Amino acid sequence: MKILKPVLIILLIILVFMVFRGCSAYNKMVKLDETVSHQWGQVNNTYQRRADLISSLVSTVQGSAYFEQGTLTEVIEARAKATQVTIDASKLTEENVKSFQMAQGELSGALSRLLVTMERYPDIKTTQQFQDIMVSLEGTENRINLARNEYNGVVKEYNSYIRRFPQLIYAAMFGFDKRAYFEADAGAERRVNIDFSDLKRMPNNQAQPQAQPQQPAPQQIPAAQPEPTAAEE
């Protein structure tokens, strides 16, 4: 009995330590989980902002009767597909994030092709409405990249914490699963970037045709002088 008492005391101390350690780990995992969820919301907001701008862009372009309808249809369908792919913050698995990223990538590709086609329609791209949309789109693309990078940063901190010992035990007990990252789009290293500034250029800013260099005037050869006659000598 005397031997069991110290053992029970030691076990009780270990149990108390594990309870306090578990509470601390649980609170930290909850905080990190909320940070990931918040940042995922920021990612969704920036993508939704881009979808709204694309809708406005399509409405502007549709006013031209001669614009390629196939290009517009491709953008409209890609936008509809991208907005339908939504992920709950608690289900950020690798498969779900990849599906979301693929849908957004298809929309990006359709948008790029639309902007390239716009080069053939200066009457549309020089309107004030088109100029304003291009400025907003450029800023939104930058915010998307920033939001994705910040999301990957908080996911890295969360994943690193729940995979360390002894947090991995509590994570398994309380259902804190690993979250997926945004990965670089396939072919991003060879993607052709679209110059928004070129699309926003007004007609009076277009380069004037270079003047052709003038050809030098042909050199005149003086007429030969008549030879003196014998009388003049």
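Read-outs: derived from the displayed coordinates by stated rules, not from any lab. All figures in this text were calculated on a predicted structure; none of them were measured in a lab. Positions of Cβ are backbone-derived with ideal geometry, glycine not excepted, and every protein chain shown enters the neighbour counts.
Using the crude model of +1 on Lys and Arg Cβ and -1 on Asp and Glu Cβ, and no other charge, please compute the dipole size for the range 14-166 relative to its Cα centre, in debye to 20. All intermediate terms of the calculation are to be shown ahead of the outcome.
Details: 17 positive and 17 negative charges, 145 e Å.
In total the dipole reaches around 700 debye.
With contacts defined as alpha carbon pairs under 8 Å and 6 or more residues apart, what's the relative contact order of the range 1-124 in percent? Show your work: numbers first, answer last.
Values: 46 pairs, mean separation 31.2, N = 124.
Worked out over the range 1-124, it gives 25 percent.
Quick check for you: which residues of the range 24-59 have the amide N under 16 Å from the point 7 Å beyond the Cα of Gln129 toward its beta carbon?
Within reach of a label on Gln129: 52-59.
What's the extension gain from Cys23 to Glu106 if we count 0.36 nm per residue and subtract their Cα-Cα distance? Numbers along the way, then the final one.
Working: separation 83, 0.36 × 83 = 29.88 nm, distance 4.40 nm.
Length difference between fully extended and current span is 25.5 nm.
Can you pull out the trypsin sites (Lys or Arg not before Pro) in the range 1-48 that DSSP calls coil and that have at most 16 other Cβ atoms within 10 Å?
Lys2
Report the rotationally averaged projected area of the range 53-160 based on its alpha-carbon convex hull, in square nanometres. List each step's numbers first, then the result.
On the way: hull surface 29.4 nm².
Convex hull of Cα atoms, orientation-averaged projection: 7.4 nm².
Find how much the distance from Ala184 to Ala89 grows on full extension, using 0.36 nm per residue of separation minus their present alpha carbon separation; answer in nm with one decimal. Mind showing how you got there, number by number?
Numbers: separation 95, 0.36 × 95 = 34.20 nm, distance 2.05 nm.
Net length gain for the segment: 32.2 nm.
Suppose each label sits 7 Å from its Cα in the direction of the beta carbon; what would the Glu77-Lys98 distance come out to in nanometres?
Label at Glu77, label at Lys98, 2.4 nm between them.
Quick one: dipole size for the range 75-137, taken about the Cα centre, charges +1 on Lys/Arg Cβ and -1 on Asp/Glu Cβ, in debye to the nearest 20.
Details: 7 positive and 8 negative charges, 18 e Å.
My answer is approximately 80 debye.
Exceeding 30 Å between C-alpha atoms, which entries from my cross-link table qualify? They are Lys5/Lys31; Lys81/Lys125; Lys31/Lys98; Lys81/Lys178. Let's see the in-between values first.
Details: Lys5/Lys31 39 Å; Lys81/Lys125 26 Å; Lys31/Lys98 25 Å; Lys81/Lys178 27 Å.
Check vs 30 Å cut-off fails for Lys5/Lys31.
Length gain on complete extension for the stretch Val30 to Glu138, per 0.36 nm per residue less the alpha carbon to alpha carbon distance? The partial results should precede the final answer.
Values: separation 108, 0.36 × 108 = 38.88 nm, distance 3.53 nm.
Gain in length upon complete extension: 35.4 nm.
Select from the range 64-167 those chymotrypsin sites (Phe, Trp or Tyr not before Pro) which occupy a DSSP coil region and have at most 11 other Cβ atoms within 10 Å, ordered by residue number. List each step's numbers first, then the result.
On the way: sites: Tyr66, Phe67, Phe100, Phe130, Tyr151, Tyr158, Tyr161; in loops: Tyr66, Phe67.
Sites meeting the loop and neighbour criteria: Tyr66.
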